[in-house]
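Worksheet: one structure, shown below.
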C-alpha cells in the first residue's frame, strides 16, 4: 500500500501540450478514478505514473520515493491494459506467472502465487488454456490475475472494461470493486465512462484538456460540480442547462428565461455580466402533483414533446427557456406529447453557472 | 435457351482459360523440366540429335560424379554461408527493425538509407570490398563471405521485420515493462515470440537470397568456399560445356529452394514484394 | 513495510544504475546493423572515391594523386557508354514486357478455377531459381544442336534449324530477354495478382452496372488501386534489370565480343580481369552515385519509408 504524489507535472508530445500542470495526491489504499473525455490527458497521466511515459516537468513520487527516473519495472506497480495485453504464445498460467518469472522467482513460489490468484478470480480451470481460447471476460480476469500475483504497491487500470459488452462490464466492475476491498491496494483507474467512475471511485479526478477540473468523492463531485463542464460530464441523462438573464426582482435576484419564466435565485450573487446558466439534473426536475408551492420550490407547466418510458422511470422532454430539457418521473402516467405537464424542482438542487467562465457561482 | 447459351459461353471461356493457363505452364515449367531431365540422362541421350525429350531410365551417375569429385562440397558451402549469415542477419536486423519501429531511431532518413542499400548494384560495392578483403586476407574465407552476406541481406531483414513488428500491439510490450522486464527482456520474451511467423518467413527468403547469390561469391571465392552458383559456371567451357554437371549441380542447388518456397506459399508475395503486399 | 516489499518484489532489479540504461537501448540494438551497413553502404563509397583519385593499375601500384584523370577517362570510354546503352536497352524492353505479360496473366488467374493454386505454384518457380542457374538452363535450351528450342522451331519451319543463340549478333538480345522475361514475369504476375485480388470488388461492379467497359474500368478504377504496389514492383525490377549480371554471365559472358556487355559486366571486366583498379573505382563511384540519387528519389516519392 502506498500513496502517490504528483506535483507540477507537465508533458508534451511534440508541440501538443498534453498535461498542463497536474498536482494530485492519491492517498494510500484509496481507489482513485481518473475520468474525462478522450484527449483530456488521463491515460497519459496514468502512463506517466507507470513510467511508460517520461516525466516532462514536475515530480512523481510513490511511497515517498521520487520515481521520475525509475524504469517501469523498478516502480513495483502493476497495470491492466485495455486490450488485456495477454501473450498469445503463453498459456494462461505462464501469462499470470510472467511478471514473477521476469523477476526470477523460484518455481514453487510462482506456482503458489499463480494458483492462489487463479483461485481468487475463479479461473483455476483455465490455467492450461491459451488466450485465444478465452472469452473477453476470462481474458480480463487473466489480465487482473497477472497484476495481483505480483503483489504490487500500486495497481493501475487503463480503461480495462471498454472492450467488454455491457453486461460483462457491469459484472467485472463489481469484481474490481471487490478486489479493491479485499486487497486494500492503492488503485488508480482510468475511464471515460462516468458510470464506472461514479460506482468504483473513492475519489474521482475529473480531467479536461490536460488539467484537473475537479476532484473529490463521487457524490461530492456529482452534487457540487465546480464547473459547468463537470456538471455536464457526470450524470445520465445529462444535466439540463438553461440560459437566462440576471434580473432584479425586488429584494432578491432572479433569472429570467427567454420564455418569460422568472426563477428566483436562492442567494444574491455578484452580477457578472447579464447572463447566467441554470443547471438542473433530470431527476431533480420531477412531476408536480401538489398544487401548493413549498418554500424554495419552482413550479413550471410545459407541453410534453417526447415521452421515453424505461420501465422503472420515464423521461419526459419539454422545452424550458428555449432549450430542450429532460425531466425524470417515477410514474408511467405522464401524459402524451402535446399535453401539458406540471413540473417542479427544488432550488437547492439548482446550480447556477457563469456562462463565460463556466464556474459554478451559487 | 438464353440460359443454355450463357452456360455454354461460360464453359468455352473456362476452357479457353485452361488452354492459356496450360500454355503458360509449358513456357514457365518446361525449362525447369529440361534442366532436371538432363541431369538424369546418359551422355548419349544428352548429346543426341534430335534431342531426347525424356530419358529411358533415370540415371544418377551425373550426381554420383559430383560427389565423387568433391564438387558437391559447393552445395555444403552454400548451406554454411547462407545459413550462418541468415541467422546473424535475422538477429541483428530484427533488433534494428525494432528500434526503427518503436523509437523511430534515425527517423525517416535512416529508414530510406537502409532500404536504398538493398537496391544498390552489387558490382559497385564489390570492388572496394574486394580490395579491403585482399588487404585483410579474407578472400576465400567463410567469415569474409558470411559478413558480406549478412550485411547485404540486412536491409531486407530490417525492411520485412519492420512490417511484422509494426503489427505487434504496443500494450504487450508495455505490460512486460511494467511486469519487470528490461528492454532486452522485452525483445527476447515478447517481440521475438510475437513476430515468430514473420521471423520464419523472412529468414527463409533471406536464406534463399544468400543461397542464390552469385557475384560476391564469384569475386571473393577461389577454391575453399566456392558456392554452388559459382561451381555451375565452372562447367562452362567455350564450345564444350559439361552439360551433365551443369544440370546436376543446378538441380542440387535448386531443389532445396523449391521445397522451402513451396512450404511458404502464403508468405511468397509479401516476401518478394519487400512487404509491399501483405497477404 | 513498503520499501521492504518493494525490494522483495523487484528482486535483483532494484539497482538500476548497474545495468545498461534503457534509454540507450535503442542505439545498442541498431549498432551491429549500422556497423555492417556502413561496411557495404559507406565504406565502398569512400574507398572508391579515394582510389579513383589515384593511378592504380594492374602493373603499377601508383597511389599518387591523379586528379580527375579517371573521371575524364569515363567520358572518352566508348565501351563504358556502350555498356550503359546495353543495360538500358535490356531494361527498357524487358520491364514493360514483364509488366504487361504479368498483368495479363494475373487477370487470367484472378477468377477462381479448379487447380488454380497448382498452376500458380508451378508458374512461380522460375522466380526463386538462382539467376545464374536460370542463365545456365537457357544456355542448355538454346544449344544449336542438342537444345530443344531449335528443334521446336525446326518443326514449324519444316526443316532443321541451326540458330546460334548466344553467338549470332541479332539473336543474343532475344535470348537474354527471353530468359529475363521467363524468370521475372512470374514475379510481376504474383505481386499483381495479389494487388488485383485486393481491389474492392464493389467498385468495379458498380462501374460495370454503370455501363463502363473493360478498359475504362481498368484505367479508371483498377489501375489507380493497384498502382502503389505496381510502382514498387517496377522499382524492384527496374533496379534488378539495371544491375543485371548473373544471367548474362551464364548465357553470353557479355559476348559475342562486347555486344551484350552491361554496366555490371563491364565493371567486372575492368576490375577483375584487367585490374584497372583506379578506373574501376571511378566507375563504381559513378554507379553508386547515380543509383543513390535515383533510388532515394524513388523511395521518397513512393513513401516507402513511412
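Laboratory data are not the source of any read-out in this text; all were calculated from the coordinates shown. Note that the structure is predicted; figures quoted are calculated from it, not measured. As a convention, Cβ positions derive from the backbone with ideal geometry for all residues, glycine included, and neighbour counts pool all protein chains shown.
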Using only Cα atoms, find the angle between the long axis of helix A:92-102 and the longest principal axis of chain A, and express it within 0 to 90 degrees, rounded to the nearest 10. 70 degrees
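Let a ≥ b ≥ c be the square roots of the eigenvalues of the Cα gyration tensor of segment B:149-188; is it rounded (a/c under 1.5), or, if not, prolate (a/b larger than b/c) or oblate? Walk me through the numbers before you get to the answer.
On the way: a/c = 6.25, a/b = 2.06, b/c = 3.04.
Because a/c hits 1.5 or more and a/b fails to exceed b/c, segment B:149-188 counts as oblate.
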Over all residues in A:97-104, what is the mean tally of Cβ atoms on other chains that come within 10 Å of each residue's Cβ? 6
Shape parameters for the protein assembly as shown, alpha-carbon atoms, Rg then Dmax in Å: 37.7, 125
So what does the Cα-only Debye profile of segment A:195-347 read at q = 0.15, 0.16 Å⁻¹, as log10 I(q)/I(0), no solvent term? -0.90, -1.00
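From the gyration tensor of the Cα coordinates in segment B:1-156, what semi-axes in whole Å does the equivalent ellipsoid have, largest first, with each one equal to sqrt(5λ)? Please report the intermediate quantities before stating the final value.
Values: eigenvalues 393, 227, 37 Å².
So the three semi-axes of segment B:1-156 are 44, 34, 14 Å.
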First measure r as the distance between the Cβ atoms of residue C:272 and residue C:62, then evaluate 1/(1 + (r/R0)^6) with R0 = 22 Å and state the FRET efficiency to the nearest 0.05. 0.70
The Kirkwood hydrodynamic radius of segment C:102-248, taken as the inverse of the mean 1/r over all distinct Cα pairs, in Å, comes to 17.8 Å
Per residue convex hull volume, Cα only, segment A:262-362, in Å³ is 108 Å³
Rounding to the nearest 10 and keeping the result within 0 to 90°, find how far the Cα-based axis of helix A:136-148 lies from the longest principal axis of chain A. 60 degrees
Cut-off 20 Å, label 7 Å out along Cα→Cβ of residue A:162, residues of segment A:21-62 by amide N: A:32-54
Rounded to a whole number, the Stokes-Einstein D of segment B:2-59 in µm²/s (Kirkwood radius over Cα pairs; 25 °C; 0.890 mPa s) is 173 µm²/s
Per-residue counts of other Cβ atoms within 10 Å, averaged by peptide: what ranking do you get for C:239-245, B:262-268, A:151-157, highest first? A:151-157, C:239-245, B:262-268
Relative contact order for chain A: what percent, with Cα pairs under 8 Å and sequence separation of 6 or more? 16 percent
Quick one: Cα centre-to-centre distance for segment C:127-179 and segment A:308-362, in angstrom? 90 Å
Quick check on segment A:69-196: what does the Kirkwood estimate of hydrodynamic radius come out to from the alpha carbon pairs, in Å? 14.8 Å
Give the Cα extents of segment B:33-82 along the principal axes, in whole Å, largest first. 40, 21, 16
Using alpha-carbon pairs under 8 Å, 6+ residues apart, how would you state the relative contact order of chain B in percent? 27 percent
In Å and whole numbers, how far do the C-alpha atoms of segment A:4-225 stretch along each principal axis, longest first? 46, 38, 31
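Taking beta carbons within 10 Å but only from partner chains, what does the mean come to for residues A:133-142?
Numbers: counts 0, 0, 0, 0, 0, 0, 0, 0, 0, 0.
That works out to 0 on average.
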For chain C, set up a GNM with springs between Cα atoms under 10 Å and report which of C:279, C:268, C:27 has the largest fluctuation. C:27
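Report the relative contact order of chain C, percent, no decimals, based on alpha-carbon pairs under 8 angstrom and at least 6 residues apart. Can you show the working numbers first?
Details: 295 pairs, mean separation 87.1, N = 306.
Relative contact order here is 28 percent.
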At 7 Å along the Cα-to-beta-carbon direction for both residue A:13 and residue A:349, put a label point, then send me their distance in nm to one decimal. 4.0 nm
At the level of C-alpha centres, the distance separating segment B:116-145 and segment A:237-271, in angstrom, is 86 Å
Sorted by mean Cβ packing within 10 Å, highest first, what order do the peptides B:226-234, C:78-86, B:150-158 take? B:150-158, B:226-234, C:78-86
In degrees, nearest 10, the alpha-carbon axis of helix A:166-183 is tilted away from the dominant principal axis of the alpha carbons of chain A by 70 degrees
Rounded to two decimals, what is the ratio between the C-alpha radius of gyration of segment B:132-273 and 2.2 N^0.38 Å? 1.38
Quick calc: nm separation of the 7 Å Cα→Cβ label points for residue B:259 and residue C:210 -> 5.3 nm
In a Gaussian network model over chain C where Cα atoms closer than 10 Å are linked, find which of C:196, C:38, C:141 has the largest mean-square fluctuation. C:38
Just counting partner chain Cβ atoms within 10 Å, what average do the residues of peptide B:153-162 show around their Cβ? 2
Please give the FRET efficiency for residue B:109 paired with residue C:104, using the beta carbon to beta carbon distance and R0 = 35 Å, rounded to the nearest 0.05. 0.35
At the level of C-alpha centres, the distance separating segment C:249-270 and segment B:164-238, in angstrom, is 32 Å
As computed over segment A:122-236, the Cα convex hull volume per residue (Å³): 122 Å³
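Give me the Kirkwood hydrodynamic radius of segment A:1-91 in Å, from all C-alpha pairs, to one decimal place? Present the calculation step by step, with values, prior to reporting the outcome.
Details: mean 1/r = 0.0707 Å⁻¹.
After inverting the mean inverse Cα-Cα distance, the result is 14.1 Å.
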Where both partners of a DSSP beta bridge lie in segment A:4-225, what percent of those bridges are antiparallel, to the nearest 5? 55 percent
Indicate the gyration tensor shape class of chain C (rounded, prolate or oblate), computed on the Cα atoms with a ≥ b ≥ c the square roots of the eigenvalues: a/c under 1.5 is rounded; otherwise a/b larger than b/c is prolate and the rest oblate. oblate
Choose one answer from C:88, C:193, C:171: the residue with the largest mean-square fluctuation in a GNM of chain C with alpha-carbon springs under 10 Å. C:171
If you consider only alpha-carbon coordinates, what radius of gyration and Dmax does chain B have, in Å? 23.9, 83
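Is segment B:92-176 rounded, prolate or oblate when judged by the Cα gyration tensor, a ≥ b ≥ c being the square roots of its eigenvalues, rounded requiring a/c under 1.5 and prolate requiring a/b larger than b/c?
Numbers: a/c = 3.33, a/b = 2.23, b/c = 1.49.
It comes out prolate by the Cα gyration axes.
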Report, in deg cm²/dmol and to the nearest 500, the calculated mean residue ellipticity at 222 nm for the protein assembly as shown, where each DSSP H run with n ≥ 4 adds -39500 (n - 2.57) and the sum is divided by the residue count. -17000 deg cm²/dmol
Taking the convex hull of the alpha-carbon atoms of segment B:79-129 and averaging its shadow over every direction gives an area in square nanometres of 4.5 nm²
